[in-house]
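Below is one structure, written out as structure tokens, with a few remarks after it.
Every number here is computed from the coordinates shown, using simple stated rules; none is lab data. Because the structure is predicted, anything quoted here is derived from the model rather than measured. All Cβ positions, glycine included, derive from the backbone under ideal geometry; neighbour counts span all protein chains shown.
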Amino acid sequence: MSSVNPYSSPPGGQPASKTSGLAIASLVCGLLSFMTCLFTGIPAVVLGIIALLKISSSGGRLKGQGLAITGLVTGGLGTLASVALVAWFIPVLNAAREKGRDLVSMNQMRTIGLAMLADELNHRHFGDNIIGKDGRPLLSWRVRILPALGHDALYQKFHLDEPWDSPHNLVLAAQMPHEFEMLGDINSDKTPYVVPVGEGTIFEEMLPGKQKPGQRNLTTSTDAVSRADGVGNTIMLVETTPDRAVIWTKPEDLEYRRDDPGAGLNHRARDILVGYADGTVRHLSENVQPDTLRKLFSLDGRRFHEAPLTEAEQNP
């Protein structure tokens with residue numbers, strides 16, 4: 001039996017040639033790259049280049065240069081398209097994820113805010129920390145509003161005459177209700193949801209030395225806020241940055257400073273979430289002016305000789 005050399009010259013003297021398998025493979029991968037993106041796009045480019053090199057050095061024994069070029073071009077276009085798609089999709093995915101986180105935080109802040117108002121309705125006073133007989137803060141206001149959040153059973157477990165870090169109460173810190181959870185850190189006992197404590201705020205009485213046994217500053221009620229700047233213009237609850245999150249049972253919150261009113265606020269993609277004394281949760285621009293923040297944090301802006309909020313400041 002005689003063997004046939006595929007590259008032997010036929011009777012006419014012209015060299016026999018065949019189509020390059022690599023060129024065909026490049027074309028197939030290139031066409032598929034518009035559906036499979038990088039998975040076949042990059043192989044199409046690599047196979048096309050190799051096929052062209054082999055065809056060029058075959059001395060006419062291989063053909064399929066057009067197929068290889070087509071495969072290389074379509075593979076390149078498919079690869080570029082997939083890269084562009086990824087470049088477009090990542091920001092869209094991040095935006096969607098941030099929007100989801102934003103909605104969760106808004107819902108949690110709204111739930112907490114409504115519980116604070118329910119507690120205020122019962123006591124005619126915004127809930128402060130649970131204080132001892134000597135006037136020392138023992139447990140956070142977050143523990144105080146547990147019944148309003150529907151966690152009465154957990155509330156009953158606390159020893160309200162002991163500090164947050166007593167052996168008994170410290171164990172309960174691990175049972176933080178989901179309303180106080182910090183997104184992405186569900187096993188933590190820390191919460192980013194705090195109230196502003198400082199001069200002129202609703203919670204000014206929580207400043208060190210202002211809480212006295214058996215005494216309450218009755219100006220911090222919804223009626224008092226309504227008579228001042230209005231419940232819809234006064235910040236009651238904020239979301240702080242993760243590094244400033246506090247143990248939810250600990251009587252600790254955001255230290256509000258008039259010289260830097262935005263310190264500690266969690267800046268999201270383009271805004272800040274704040275809860276107002278009417279129970280609403282709204283966005284503030286991340287570029288909100290310090291004086292606007294001072295007005296919003298103040299129970300009564302007139303006390304500090306500040307002009308009323310303009311419409312533009314209320315809706316930045």
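For D291 and D243, the FRET efficiency from 1/(1 + (r/R0)^6), where r spans their Cβ atoms and R0 equals 30 Å, is about 0.70. Backbone phi angles across region 255-263, fed through the Karplus curve with coefficients 6.51, -1.76 and 1.60 (θ = phi - 60°), yield HN-Hα couplings of 7, 7, 10, 5, 6, 8, x, x, 4 Hz in residue order; Gly and Pro are listed as x. The amide H of Y256, built 1.01 Å from its N in the peptide plane, has V197, G198 as neighbours under 5 Å, considering only residues 5 or more places off or on other chains.
Under a 5 Å amide H cut-off, with hydrogens placed 1.01 Å from N, L138 pairs with I130, I131, G132 among residues at least 5 apart or on other chains.
Taken along the Cα-to-beta-carbon direction at a fixed 7 Å, the label points for L160 and N266 span 2.9 nm.
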